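What follows is one structure encoded as structure tokens, with my remarks underneath.
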Amino acid sequence: MHDYLKGLNEQQKEAVLHINGPLMIVAGAGSGKTKVLTTRIAHLMNQGVDAFNILALTFTNKAAAEMKERIEKILGNSEARNLYIGTFHSVFARILRGEAHRIGYPNNFTIYDTDDSRSVLKTVINEMNLDDKHYKPSVVGNRISSAKNALVGPAEYATDYYIQQEDMRANRPAIAQIYAAYAARCFKNGAMDFDDLLLKMYELLKNFPEALHKYQHKFKYILIDEYQDTNAVQYQITKLLAAAHENICVVGDDAQSIYSFRGATIENILQFQKDYDDVKVVKLEQNYRSSQSILNVANEVISNNKGQIPKNLWTENSAGEKISLVRTMTDNDEGKFTADTIQEQKLRNHYHNRDFAILYRTNAQSRAFEESLRRMGIAYRIYGGVSFYQRKEIKDFLAYMRVIVNTNDEVSLLRIINYPARGIGKTTLEKCAIYANEQNIPLFEVVSRAGEFGFKGGTLEQLSNFVTMIRYFQSLLTDKNAYDVAVQVGKHTNITKELFADKTTEGLARYENIQELLNSIKEWTESPLNEEDGEVGEKSLGAYLQQITLLTDADDDKENSDVVKLMTIHAAKGLEFGCVFVAGIEEMLFPNAMSINTREELEEERRLFYVAITRAKHRLWLTYANTRYRFGQLVQNEPSRFIEEMPEQYIDKSYAGGGARNNFSSDMGSAFERMQRGFGFGSQAADAEKKYGPPPAKKTNSKPEYLPITPPSSKVVEHKPGADFVASD
Ligand code: ATP
Ligand code: MG
């Protein structure tokens, strides 16, 4: 027997050894789905399947990199570098680079991130003389994104009765027109947004039989992880690709479907068995990840959802410690408790920072943890949120590089044409934009033919100098790698000099960020070549830009760094950690106020809770605060209804100290009283008393509010729903 089969259980082995024909693995968290997928790829290759013929779609690029590494280890060679493996977006971006000409795009097309796409929308909305306060680019952008992911194009959107009704209800009748104008503008800019990477891939396969044929025969084996979170367009693409050989293996867990707000549908799992004859279905029931207590709690919670595919998930792992449910006074106390506990666990149980993860529902929650961790001197990293690549100076610098690769990229061009300041004013740019629109030519063309459009004197000179500089950078592309070009950009644009001259703290930080960017480009150009670097296999600027634009939250990782990880639960999908804190287990936050209006929404929140709990291997803390600041307001929430759904025998309840906020002192008495009556006035509460003094005198006759836990309802001091609904993207 091959070594890689040895540790697997019977069902896992069955899945790995199944070579031809459709295969579906539906199984609970931590049952080895991803491990089976990896081993299966190694097995296929071991059986003589060429790596070039295997397509594997993962949830993050990091997961793909880890898979490759594992496969190389199993096989003892580097063939795995020839696999097509990555996220839907990165794999399709790579294919589209080679096929762009068929659908009228340049093969050096730019990929717009959410920010870029919002700024195109804003331009379009303004040009249509609509109010961008009413037609908010973010709102309109979400509508367009949903449409694209449901394969609804601008023309169809405009005629769809139900969509029209919805837009009317929101008093935004012009969205269809904006959609059309936006799509046209992106096309003109030679740019695709994230959704286009899927949509255009679908159109390519649908409308160009030669392309469909080519990729159907290339990808003889297709494997998809986290299948429960695929949406309509992803489903259609993989169905088309798999149609010739039907060697498609999907792996998923309906209980972990958490992206329906992005159009993902569990239906895809149910549909799979109808799409293909003779689907082999494998169930994995043994969990290898979590302690018995953690697993029991997870199983119990998810059983509250109706219509799950029945699963019997068990483990041989030991019972482990109980789950700690910890109440604090404020969100700051929650942060402090978490940092204290991490410190204590490190000392007592010899854990490292890297063994801990703090998971939360919304990005905005990270602040309190950051502060406490920093104060304790515990190294941490936040995944998602405002990432390095979203910082202004980084975006500016990258905008140069994007214009060099694709001068049609108007968003990037407008970012840098007068940065650093070179006397190209707003009026000049407005004139250029008008000419570009009138003649339907790219903005850069107007700029480079400025003389013909009547620009004169200093303005003409500035515009020509700019064009000359860009042309110079472009001349480097043929024989210089991404790093060499980047260094020239820093030098000739004066960006480095300008930032260096700014001796303020912020200026210094910006300068260091640019240096950090240059370092990372250098590192990338010096790393071994692999398939992601494009068909040409070079360390070109274009390949570099694509790679960074498609980083996902969980990819933002420096190997082996010993840090506590902070991220949203969405970003934590598929990952595992020794010790996990899930924060903010409160009504209105988790379940989120945005998602408690229908059973479907609530069940998705519960699945999210299930995902959070099942990330933990050994220890799990669930924390919630009596009060927290949200949207600049002090909000008082009840404990989450999910708390009631957890079986008591696996839970250790405690209160973890905490001081009152100044402006909350009026409620101090009752708050302290609730604490005392609450989950016991245990040792931690006694510590709290030492630190913060004795609780105020008891009031009489107040009803105990926390024992038993109150039914779900929530007091919200002031709440703007939706303002902080941030999931990983
Ligand atoms: P999720 O649903 O969270 O994505 P999963 O089903 O993909 O989980 P994996 O991440 O593949 O599960 O596996 C969970 C853990 O169990 C990993 O640490 C993996 O190495 C381990 N594991 C899986 N199968 C076995 C096995 N047969 N023997 C030992 N360890 C295993
Ligand atoms: Mg997995």
Quick check: the distance between the Cα centres of the range 305-368 and the range 8-67, to the nearest angstrom? 30 Å
Dipole axis of the chain (+1 Lys, Arg; -1 Asp, Glu on Cβ), positive-most option in ASN597, THR552, GLY507: GLY507
Fewest-first sequence of ILE19, ILE323 by Cβ atoms within 10 Å of each Cβ: ILE19, ILE323
Given +1 on the Cβ of Lys and Arg, -1 on the Cβ of Asp and Glu, and no further charges, what dipole in debye does the range 344-442 carry about its Cα centre, rounded to the nearest 20? 440 debye
Roughly how many debye, to the nearest 20, is the charge dipole of the chain about its Cα centre, given +1 on each Lys and Arg Cβ, -1 on each Asp and Glu Cβ, and no other charges? 1080 debye
With unit charges on the beta carbons (Lys and Arg positive, Asp and Glu negative) and the dipole taken about the Cα centre of the chain, which residue among THR60, ASN494, ASN129 sits farthest to the positive side? ASN494
Debye-sum result for the range 217-296 in log10 I(q)/I(0), which assumes one identical scatterer on each alpha carbon, at q = 0.15, 0.16, 0.26 Å⁻¹: -0.60, -0.67, -1.31
Looking at the chain, what % of its DSSP beta bridges pair antiparallel, to the nearest 5? 10 percent
Going from the alpha-carbon gyration tensor of the chain, what semi-axes, largest first and in whole Å, does one get by taking the root of 5 times each eigenvalue? 44, 34, 26
If the only charges are +1 at each Lys and Arg Cβ and -1 at each Asp and Glu Cβ, what is the size of the charge dipole of the range 40-115 around the Cα centre, to the nearest 20 debye? 120 debye
Decide, for the range 180-257, between rounded, prolate and oblate: order the square roots of the alpha carbon gyration tensor eigenvalues as a ≥ b ≥ c, take rounded if a/c falls under 1.5, and otherwise choose prolate if a/b is larger than b/c, else oblate. oblate
By the gyration tensor of its Cα atoms, with a ≥ b ≥ c the square roots of the eigenvalues, what is the shape of the range 80-121: rounded for a/c under 1.5, prolate for a/b over b/c, or oblate? oblate
Under the √(5λ) rule applied to the eigenvalues of the Cα gyration tensor, what semi-axes describe the equivalent ellipsoid of the range 402-527? Give them in Å, descending. 29, 18, 12
Violating pairs (Cα-Cα greater than 26 angstrom) within the set LYS336/LYS395; LYS148/LYS283; LYS565/LYS617: LYS336/LYS395; LYS148/LYS283
TYR351, TYR610 arranged by Cβ crowding within 10 Å, fewest neighbours leading: TYR351, TYR610
With θ set to phi - 60°, apply the Karplus curve 6.51 cos²θ - 1.76 cosθ + 1.60 along the range 122-131 and write out the HN-Hα couplings as whole Hz, x wherever there is a Gly or Pro. 4, 4, 4, 4, 5, 5, 8, 6, 9, 7
Cα-based shape type of the range 457-532, given that a ≥ b ≥ c are square roots of the gyration tensor eigenvalues and the cut on a/c is 1.5: oblate
Using Cβ contacts closer than 10 Å as the measure, can you line up VAL281, VAL36 from fewest to most? VAL281, VAL36
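Values quoted throughout were computed directly from the atomic coordinates according to the rules given, and no laboratory measurement underlies them. Since the structure is predicted, the reported quantities are computational estimates derived from the model, not experimental observations. Cβ: placed from backbone, ideal geometry, glycine included. Neighbour counts: every protein chain shown.
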